[in-house]
Every structure is written in C-alpha cells, then in structure tokens.
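Data first, discussion second: the structure below is written as structure tokens.
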Amino acid sequence: MLVNARLPPSYWRYAATAFVYIHNRAPTTALRDKTPFEAWYGRKPDVSHFRIFRALSYVYLHKDQRKG
C-alpha cells in the first residue's frame, strides 16, 4: 500500500509500528486464543479506538452469470 500510495520510505517506520501494535492486540492460536497483549499484561486490550480500513470495490460478473 505504501508503494501504491507513492509514499517516501520514511513512512515504512510508521507502517511497521502500526502493524506491530495491531498484531499484538489480535488473538492467536499459539496462546489459546489470547492476544500477546493479554498474555503480557494479564488483561484484555482496549480496541475501541480501532477503525475499519476499507476501500470501495466491485465484483465483476460476466453477462452470462448475471441475473435479470
């Protein structure tokens, strides 16, 4: 995404930091469905500040697959 956005390499540090932050708050089977944050601090992380990252997309169907 950084390459497609044509952002300078200096932004990679922020992207890596964001990845680690989110990854540490996501459940993992290695910890029996706990988060690394929960294993370290003994409490569930607050993720109420997370927002959905989305992009508009469409599904293309060939004419013979369309209904109506």
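Miscellaneous remarks
- Dipole of the chain computed with +1 at Lys/Arg Cβ and -1 at Asp/Glu Cβ about the Cα centre; of Phe37, Tyr60, Asn4, farthest Cα towards the positive end is Tyr60.
- Remark: the Cα gyration tensor places the chain in the oblate category, a/c being 1.5 or greater and a/b not exceeding b/c.
- Here the contact order of the chain, divided by its residue count and restricted to Cα pairs under 8 Å and six or more residues apart, works out to 14 percent.
- Rounded to the nearest 20, the size of the Cβ-charge dipole of the chain about its Cα centre is 200 debye, with Lys and Arg at +1 and Asp and Glu at -1.
- Length gained when the stretch Asp33-Arg13 is fully extended (0.36 nm per residue, less Cα-Cα span): 4.4 nm
- Stokes-Einstein D in µm²/s, Kirkwood radius over Cα pairs - the range 22-61 at 10 °C with 1.306 mPa s viscosity: 130
- The chain: angle of helix 12-23 to the longest principal axis, Cα-based, in degrees nearest 10: 80
- Per-residue accessible area (protein heavy atoms, 1.4 Å probe) orders Arg51, Arg32 as Arg32, Arg51, starting from the largest.
- Per residue, the chain exposes 103 Å² of accessible surface when a 1.4 Å probe is rolled over the protein heavy atoms with every protein chain present.
- For the range 23-68, the carbon plus sulfur part of the accessible surface works out to 54%, probe radius 1.4 Å.
The values are calculated or read from the model by the stated rules, or taken from the named source; none is laboratory data. Note that the coordinates shown come from a computational prediction; the quantities given were computed from them, not determined experimentally. Here the Cβ is made from the backbone with ideal geometry for all residues, glycine too, and neighbour counts use every protein chain on show. Just so you know, the surface numbers come from the protein's heavy atoms only, side chains and all, with ligands and any DNA or RNA stripped out. Shrake-Rupley method; radii C 1.70, N 1.55, O 1.52, S 1.80 Å.
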